[in-house]
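I have a structure I would like to understand better, so I am pasting it below and will then ask my questions one at a time.
The values are calculated or read from the model by the stated rules, or taken from the named source; none is laboratory data. Note that this is a predicted model, so its numbers are computed, not measured. Glycine gets a Cβ as well: all are built from the backbone with ideal geometry, and neighbour counts include every protein chain shown.
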Amino acid sequence: MSKKIIGFSKLSRQEKIEWICSNYLGNSKEDLEILDKYLNNDINIQSIHDTFSENTLSNFYFPFSVAPNFLINNKNYCLPMVIEESSVIAAASNSAKFWYDKGGFRAKVISSEKIGQIHFLFNGEFQKIKKFIDDSKSKLIDATSKISSKMIKRGGGINSINLIDMSRKYNNYYQLSISFNTVDSMGANFINSCLEIISKKMCEEIKIPEYLTEKEKDINIIMSILSNSTPNCIVKANAECQINEIGEINGLNSKEFVEKFFHAVEISKIDLGRAVTNNKGIMNGVDSILISTGNDFRAVEASVHSFACKDGEYKGLTECSIDNNIFSIKLTLPISIGTVGGITDLHPMVKLSHKLLGKPNSSSLMEIIASAGLAQNFAAIKSLITAGIQKGHMKMHLINLLKKNNATENQIENAKVFFKEKKITSKAVQDFLNLN
């Protein structure tokens, strides 16, 4: 076992690699070559990557792909998607093509409120702390004026401050829930900075009121942080068409298809196992665009899955209806993202993604992301209720299996023909290569 190392972050890249190789990689020349190969040859580009994270040794590449023919609010998009799952881009593209001539996707931002929280302990009467907060709101907001002036000019800032009594769940625990509009920025740094200023101002102002005892003035700020739960930062997407426009799909006529689709969606409302998988399919589309546009996909994932529990149990987020010969699918998601700030101004590929999308503002990007999530979910359910998910997935996975087994270019081309109508498995691929 290697010894604890002190000051690792202060070592040069080469020194870090030497220590890693010596203690964990057995001084493997091959591993060292891999780390060097995945560095960017452009020193300027690599220096940008090095600033994104601490202790950077190399880069970890994912494919940068595009899905064309996305008609969203009557505008044609080619979506940049970053993901390693082989069938996602093909599924998104097929879904976009399916809906293009049927009016495409419609999406609309319903609200864009983000929340910051100040968690504190107050040992006193609720009515007293409520009076203090009500009396102090303007001073607390004004205290942030130096850092919020630019945000206010852009149409954002602090919307409201509300006191929440949580003392029945945890002794003496209260919370300030502060609503923000951060316009086109994700706003995490802005929100957290405001919260810390408000916390400090709160501790100063609470010393003043004569109706508070010394014990009540001694509040204990536990922490101040934005919440990644964004139930009021909502976007909706939908697609619909007449049932007879769908046509036959893998042996199912239009009526049979929409009925099976409806049942599949309803099952995701009552079965946890299916609900999680349904929502994961949605996030295949959502996350791949979040990553390509430099947004925090972990935050959105957390918010989306908490939103799926809003009725008390975890449910699939897709909605489906069949009414008056109209087949309709809908999706509502809480998405907190930005189009300025963070790495959106730094990462060259992120800049390219925004340019590819026509440099959308945050609302437009929310609509694009929700539409991609709905398209991905439609494609997944469409496959599940017809040919099955594995046929398309394994077709895309064939190349991975061949590469894994060191197939030649000639073997790869022959395998594409051989497996066109045959079941693809790891063993089948190995057997094919042994004979060819």
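Every residue in segment 237-259 that is assigned to a helix (DSSP H, G or I) and closer than 18 Å to Asn94 by Cβ, please.
Those that are assigned to a helix (DSSP H, G or I) and closer than 18 Å to Asn94 by Cβ: Glu245, Ser254, Phe257, Val258.
Another one. May I ask you to verify whether Tyr211 is farther than 29 Å from Asn73 by Cα, exposed (fewer than 13 other Cβ atoms within 10 Å of the Cβ), outside the structural domain of Met366 (by TED's automatic domain parsing) and in contact (Cβ under 8 Å) with a residue 60 or more places away in the chain? Write out each step before concluding.
Values: farther than 29 Å from Asn73 by Cα: yes; exposed (fewer than 13 other Cβ atoms within 10 Å of the Cβ): yes; outside the structural domain of Met366 (by TED's automatic domain parsing): yes; in contact (Cβ under 8 Å) with a residue 60 or more places away in the chain: yes.
Yes; evaluated as a whole, the condition is true for this residue.
Among residues belonging to segment 413-433 that are aliphatic (A, V, I, L, M) and assigned to a helix (DSSP H, G or I), point out the one that is farthest from Ala387 (Cα to Cα).
Residues of segment 413-433 that are aliphatic (A, V, I, L, M), as a first pass: 415, 417, 424, 428-429, 433.
From the residues that got through so far, the ones that are assigned to a helix (DSSP H, G or I) too are 415, 417, 428-429, 433.
Details: Ala415: 21, Val417: 20, Ala428: 20, Val429: 21, Leu433: 27 Å.
That would be Leu433.
Residues are listed down the side, and each one gets a yes or a no for (1) surrounded by 11 or more Cβ atoms within 10 Å (Cβ to Cβ); (2) among the β-branched types (Val, Ile, Thr); (3) part of a helix (DSSP H, G or I):
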{"position": "Glu30", "(1), (2), (3)": "no, no, yes"}
{"position": "Leu39", "(1), (2), (3)": "yes, no, no"}
{"position": "Phe62", "(1), (2), (3)": "yes, no, no"}
{"position": "Val66", "(1), (2), (3)": "yes, yes, no"}
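Restricting the search to segment 186-221, which residues are touching a Leu at 6+ places or on another chain (Cβ under 8 Å), modelled with pLDDT of 95 or more and either closer than 30 Å to Leu290 by Cβ or part of a helix (DSSP H, G or I) (or both)?
Scanning segment 186-221 gives Ile191, Asn192, Leu195, Ile198, Lys201, Met202, Glu205.
Among the strands (runs of 3 or more DSSP E) confined wholly to segment 82-176, which include 3 or more residues that are at pLDDT 95 or above and surrounded by fewer than 16 Cβ atoms within 10 Å (Cβ to Cβ)?
106-112, 157-165
Given the condition surrounded by fewer than 16 Cβ atoms within 10 Å (Cβ to Cβ) and at pLDDT 80 or above, answer yes or no: does some residue in segment 361-380 qualify?
yes
Which residue pairs have Cβ atoms closer than 8 Å, lie 6 or more positions apart in sequence or on different chains, and pair a first residue in segment 44-59 that is under 14 Å from Gly294 (Cβ atoms) with a second residue that is of a type in the set (Ser, Thr, Tyr) and not in a helix (DSSP H, G or I)?
So the pair list comes out as His49/Thr56.
Within segment 271-291, how many residues are over 30 Å from Phe64 (Cβ atoms) and surrounded by fewer than 20 Cβ atoms within 10 Å (Cβ to Cβ)?
Looking only at that region, the number is 4.
In addition: Identify, from the list Ser328, Ser303, the residue that is surrounded by fewer than 23 Cβ atoms within 10 Å (Cβ to Cβ), of a type in the set (Ser, Thr, Tyr), in the same structural domain as Trp99 (by TED's automatic domain parsing) and under 21 Å from Met186 (Cβ atoms). Break it down stepwise before answering.
On the way: Ser328 fails: under 21 Å from Met186 (Cβ atoms).
Matching residue, one of Ser328, Ser303: Ser303.
Looking at (1) under 20 Å from Ile110 (Cβ atoms); (2) buried (at least 23 other Cβ atoms within 10 Å of the Cβ); (3) small (Gly, Ala, Ser), find the lone condition where Ser268 falls short.
Among (1) under 20 Å from Ile110 (Cβ atoms); (2) buried (at least 23 other Cβ atoms within 10 Å of the Cβ); (3) small (Gly, Ala, Ser), the lone unmet condition for Ser268 is (1).
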